[in-house]
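To start, the structure under review is shown below, and the notes come after it.
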Amino acid sequence: MTFSKLMVCMTALGLVCGSNAAHANDAAPAGRSIAYAINDIKWGIYETKDTKEECPDGLAVMGPREQFKALYPQDGTKKWKLAETWLEREMSVWAPNLEPDPFPFREAGGKIAYGLDLDGKTKPTDFTSPDGKTGIDNQLFRVIGCVSNYRTGASLLQFESIFQKKMNVDRIMIELTDVDSLANDDDVTITTYRGRDSLLMDGTGNNFQPGGTQRIDMRFGKEFIFTAKAKIVNGVLITQPMNFKMPHEVNTEEAAYDWLRDARFELKLTPTGAEGLIGGYADVESFHRSRFRTWSTHHSSYGQQAGGSVYKVLRKLADGFPDPATGENTAISAVYRVKMVQVRVLRPEKEVASTDAASRAKQLADDGATAK
């Protein structure tokens with residue numbers, strides 16, 4: 001066979017293989033359902049190398065330690081009391097107020113941010129996504145985008161990643177049912193659960209493997225079960241708005257959760273994993289609790305994360321779910337960037353007969369209540 005003929009054959013083979021790969025997701029998964037567990041999740045912070053685009057004034061410099069030194073100078077002119085210094089600053093985190101902050105806060109800006117168009121409008125405060133989509137709602141980025149603790153290499157971000165991956169109490173998964181194709185399907189159902197098991201890792205301990213089993217937590221995890229309708233377009237899962245709660249435990253003493261209201265999933269699906277965005281309106285009080293009350297001031301200081309100051313800006317920039325009594329917004333537009341690995345769902349001993357996800361979730365909840 002001549003070289004030219006060999007190249008023709010190899011090209012033809014490549015086209016066939018490419019075609020097979022393109023249609024690999026067309027078939028329905030076994031049982032018309034597939035589940036994924038989150039193995040990596042972080043707030044969507046758009047970063048440039050020199051930070052000038054998103055943080056023209058620079059990163060935050062007034063963290064807890066810097067604010068303490070400025071408020072209570074140790075120059076010998078006054079003898080400070082514990083209650084009016086340390087305890088006062090701790091209370092600014094545990095019971096924050098909306099009084100004017102004596103310290104300037106460096107909000108993130110620029111035109112680019114990760115996120116989704118949550119309200120179907122294009123407003124002056126909106127961003128454009130890195131891939132050119134307009135109307136992006138992500139006001140949380142303005143709050144934490146220039147706080148070092150939320151940027152690449154931050155100690156808090158590293159700890160959160162470790163705890164999320166290794167602590168089973170933080171295990172969140174989604175199950176897709178009524179799936180006829182992972183490529184295109186105009187009517188599927190998504191249900192969120194908390195799992196109870198570790199994720200499979202390879203021999204290096206760095207890469208997650210598909211196919212592991214997750215038992216559904218029906219005793220303490222019922223508050224994390226939500227369901228919604230969705231569709232799959234060109235391999236991307238797009239959901240209708242739904243609630244989304246994710247446990248956020250970073251130590252054994254202070255449990256919390258993140259809560260996105262009107263959350264939407266946009267995930268690129270494969271038979272072995274999923275990757276993309278979860279956008280919605282982050283409940284301000286839940287965010288504050290999970291990111292400040294569960295972390296010591298010691299850890300917050302590493303990334304210039306002053307809890308009392310951040311809370312004031314969270315409340316100022318909140319753009320969703322106004323309080324019926326006061327009219328003040330209680331949630332702020334935000335987005336997660338997530339990666340998921342395919343898992344197998346192990347249900348309670350009493351098998352659920354219904355294939356409808358909403359009925360299934362209710363029956364599972366009833367089973368959990370019965371098992372107590």
(request) Starting from residues that are farther than 17 Å from Ala263 by Cβ and of a type in the set (Lys, Arg), keep the ones in region 185-226 and report whichever is farthest from the chain's Cα centre (by Cα). (result) Arg219
(request) Among the candidates Ala108, Ala70, Ala35, single out the residue that is modelled with pLDDT of 95 or more and outside any loop (DSSP other than H, G, I, E, B). (result) Ala35
(message) I need a count of the residues in region 212-255 that are of a type in the set (A, V, I, L, M, F, W, C) and assigned to a strand (DSSP E or B).
(response) 12
(request) Considering each residue of region 270-290, count those that are out of contact with any helix residue (DSSP H, G or I) (no Cβ under 9 Å at 6 or more places or on another chain), aliphatic (A, V, I, L, M) and not in a strand (DSSP E or B), and give that number. (result) 0
(request) Please enumerate the residues belonging to region 112-122 that are in a loop (DSSP other than H, G, I, E, B) and either closer than 16 Å to Val335 by Cβ or not basic (Lys, Arg) (or both). (result) Ala113, Tyr114, Gly115, Asp117, Leu118, Asp119, Gly120, Thr122
(request) Return the total of residues in region 325-372 being among the charged types (D, E, K, R), closer than 21 Å to Leu237 by Cβ and at pLDDT 95 or above. (result) 3
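Report, by residue number, each residue of region 127-146 that is β-branched (Val, Ile, Thr) and assigned to a strand (DSSP E or B).
Answer for region 127-146, where residues must be β-branched (Val, Ile, Thr) and assigned to a strand (DSSP E or B): Thr128, Ile136.
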(request) Please enumerate the residues belonging to region 159-169 that are over 15 Å from Ile278 (Cβ atoms) and either touching a residue at least 12 places away in the same chain (Cβ under 8 Å) or over 17 Å from the mean Cα position of the chain (by Cα) (or both). (result) Phe159, Glu160, Ser161, Phe163, Lys165, Lys166, Met167, Asn168, Val169
(message) Condition first: more than 41 Å from the chain's Cα centre (by Cα) and surrounded by fewer than 11 Cβ atoms within 10 Å (Cβ to Cβ). Now tell me which residues in region 75-87 satisfy that.
(response) Asp75, Gly76, Thr77, Lys78, Lys79
(request) Considering only region 106-139, state which residues are crowded, with 16+ Cβ neighbours inside 10 Å and acidic (Asp, Glu). (result) Glu107, Asp117, Asp126, Asp137
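Condition (residue is crowded, with 22+ Cβ neighbours inside 10 Å, on the phi < 0 side of the Ramachandran plot and not hydrophobic (A, V, I, L, M, F, W, C)) applied to region 314-331: is it met by at least one residue?
Within region 314-331, none of the residues are crowded, with 22+ Cβ neighbours inside 10 Å, on the phi < 0 side of the Ramachandran plot and not hydrophobic (A, V, I, L, M, F, W, C).
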(message) Exactly one of these conditions fails for Asn149: (1) among the polar types (S, T, N, Q); (2) surrounded by fewer than 23 Cβ atoms within 10 Å (Cβ to Cβ); (3) touching a residue at least 12 places away in the same chain (Cβ under 8 Å). Give me its number.
(response) (2)
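Of the residues Asp197, Asp178, Asp202, Asp170, only one is of a type in the set (Asp, Glu) and out of contact with any helix residue (DSSP H, G or I) (no Cβ under 8 Å at 6 or more places or on another chain); which?
Only one candidate passes the filter, namely Asp202.
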(request) Name every residue in region 285-306 that is more than 20 Å from the chain's Cα centre (by Cα) and crowded, with 20+ Cβ neighbours inside 10 Å, in order of residue number. (result) Gln304, Ala306
(message) Checking the condition touching a strand residue (DSSP E or B) at 6+ places or on another chain (Cβ under 8 Å), part of a helix (DSSP H, G or I) and surrounded by 16 or more Cβ atoms within 10 Å (Cβ to Cβ), which residue from Val169, Val179 passes?
(response) Val169
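The values are calculated or read from the model by the stated rules, or taken from the named source; none is laboratory data. Keep in mind the model is a prediction, meaning the values are calculated, not measured. Note that each Cβ is placed from the backbone with ideal geometry, even for glycine, and that neighbours are counted across all protein chains shown.
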